[in-house]
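What follows is a set of notes on a single structure, which appears directly below.
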Amino acid sequence: IKKFNQVDGQVDRTSYTGSYEVDGETNRPKNPQGRTGLSGRGLLGRWGPNHAGDPLVTRWAKDQHNDKQKVLEIVLIRRKDTGESALPGGMVDA
């Protein structure tokens, strides 16, 4: 990969935190927050920044018992892989 810290075709390799260093020996980006004890990409899809979009949708609704108090409701999805509830969203491309 030659275009770290910039848009590389359809892949945005810019980071929200600013420019990050690339290791000269491995040509892998370094974590801008410092060493973590981990190596490689792990479960991430790309080297460098992996951008995600997770919208938070809420609304105030009346209580189910017709009280005057309002209840905050939130939109969740059911994950297909684990069956657990989660916020909608996920990894995004440019």
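The values are calculated or read from the model by the stated rules, or taken from the named source; none is laboratory data. Given the structure is predicted, the values throughout are model-derived calculations rather than measurements. Counting neighbours? That spans all protein chains shown, and the Cβs are built from the backbone with ideal geometry, glycine included. Just the protein is used for accessible areas: all its heavy atoms, side chains included, with ligands, DNA and RNA removed. Shrake-Rupley method; radii C 1.70, N 1.55, O 1.52, S 1.80 Å.
Within segment 4-25, take every residue that is hydroxyl-bearing (Ser, Thr, Tyr) and open to solvent by less than 70 Å² (accessible area, probe 1.4 Å) and give me the one that is nearest to the chain's Cα centre (by Cα). So, considering only residues that are hydroxyl-bearing (Ser, Thr, Tyr) and open to solvent by less than 70 Å² (accessible area, probe 1.4 Å), the one nearest to the chain's Cα centre (by Cα) is Ser15. Candidates Arg41, Arg28: the one that is surrounded by 11 or more Cβ atoms within 10 Å (Cβ to Cβ) and more than 20 Å from Val92 (Cα to Cα) is Arg28. When segment 46-63 is limited to residues that are part of a loop (DSSP other than H, G, I, E, B) and surrounded by fewer than 10 Cβ atoms within 10 Å (Cβ to Cβ), the one that is nearest to the chain's Cα centre (by Cα) turns out to be Pro55. Here Arg78 fits the description: touching a Ser or Thr at 6+ places or on another chain (Cβ under 8 Å), loosely packed, with under 10 Cβ neighbours inside 10 Å and without any contact (Cβ under 8 Å) to a residue 60 or more places away in the chain.
Cβ-Cβ contacts under 9 Å between residues 6 or more apart (or on different chains), taken from a first residue in segment 48-60 that is farther than 30 Å from Gln6 by Cβ to a second residue that is modelled with pLDDT of 90 or more and part of a loop (DSSP other than H, G, I, E, B), are listed as Val57/Val75; Val57/Leu87; Val57/Pro88; Thr58/Val75; Arg59/Val75.
Within segment 64-94, the residues that satisfy the criterion of being within 29 Å of Phe4 (Cβ to Cβ) and part of a strand (DSSP E or B) are Gly90, Met91.
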